[in-house]
Amino acid sequence: MATTHIANVPPGIATPDRVESRLGTLTFTDGVPDAATAQKLFDELDYVHAVTAFINGYAAVNQLALLKGFRAAGVNDNEVLVTSGLMDAKCRFLTANADTYYMWAYLDLSKGPLVVETPPDTLGIIDDMWWNWVSDFGFPGADRGLGGKYLLLPPGYSGDVPEGGFYVRKSRTNHVAFLGRAFLQDNDPKPVDEMVKRTLKVYPYEP
């Protein structure tokens, strides 16, 4: 005759019948929540997912606000804002330095790929509209500070891509942010400004 053995379940892994939590009292039967407890937990999961979605949206909302701000200030897509005279207290930019030459643009890839010819001796980044990295340029980029041609492809692009002559980068959004800085010469922004305006170019790619 078979003998039935009942295992001793360690208390640490068993679900108690009642749990006091910030949601109130949660009630279980053999580890299964009753209807009221299940509803509380589903409501909490909905709340947590909503908060996560809200927080994750910060980056895109921030980029969109910046893009709208550029347009409102008269800086259109594919045009570059440069700080020819450096920034001062009147400039409403977070974390900007008053002794750094900046260049900033929002590039529209919705009509097709764009080529950006970057100036030498710069330091910069290209991000999509979620602030996700697309490419570095300048000293940390593929051009290593010598300046180069970056070919930016929009999402889903299936056209021709050259085998050489460009640093090819793909974006997951139809707009990208182009941000860079250049370094003063003898504390003078003028020669840097002249160099950037001479060498920085943005134009459509034609195979």
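The values are calculated or read from the model by the stated rules, or taken from the named source; none is laboratory data. Nothing here was measured: the structure is a model prediction, and the numbers come from that model. Note that we place each Cβ from the backbone using ideal geometry, even for glycine, and neighbour counts take in every protein chain shown. To get the accessible areas, we keep the full protein, side chains included, count just its heavy atoms, and leave off ligands, DNA and RNA. Shrake-Rupley method; radii C 1.70, N 1.55, O 1.52, S 1.80 Å.
With respect to the conditions (1) outside any helix (DSSP H, G or I); (2) of a type outside the set (Gly, Ala, Ser); (3) modelled with pLDDT of 95 or more, Leu64 falls short on a single one, namely (1).
From the list Lys201, Lys197, Lys170, the lone residue that is within 27 Å of the chain's Cα centre (by Cα), more than 23 Å from Val75 (Cβ to Cβ) and charged (D, E, K, R) is Lys170. I'd like to check something: does segment 79-91 contain any residue that is part of a helix (DSSP H, G or I), over 17 Å from the mean Cα position of the chain (by Cα) and free of Cβ contacts under 8 Å to residues at least 24 places away in the same chain? No, because not a single residue in segment 79-91 is part of a helix (DSSP H, G or I), over 17 Å from the mean Cα position of the chain (by Cα) and free of Cβ contacts under 8 Å to residues at least 24 places away in the same chain.
Scanning segment 1-57 for residues that are in a loop (DSSP other than H, G, I, E, B) and of a type in the set (D, E, K, R) yields Asp17, Arg22, Asp30, Asp34. Could you list, in sequence order, all residues of segment 103-113 that are open to solvent by 10 Å² or more (accessible area, probe 1.4 Å) and in contact with a Phe, Trp or Tyr (Cβ under 8 Å, 6 or more places away or on another chain)? If the condition is that a residue be open to solvent by 10 Å² or more (accessible area, probe 1.4 Å) and in contact with a Phe, Trp or Tyr (Cβ under 8 Å, 6 or more places away or on another chain), then Trp104, Gly112, Pro113 are the ones that fit. Only one of the numbered conditions (1) assigned to a loop (DSSP other than H, G, I, E, B); (2) surrounded by 18 or more Cβ atoms within 10 Å (Cβ to Cβ); (3) more than 27 Å from the chain's Cα centre (by Cα) is not met by Glu206, and that is (2).
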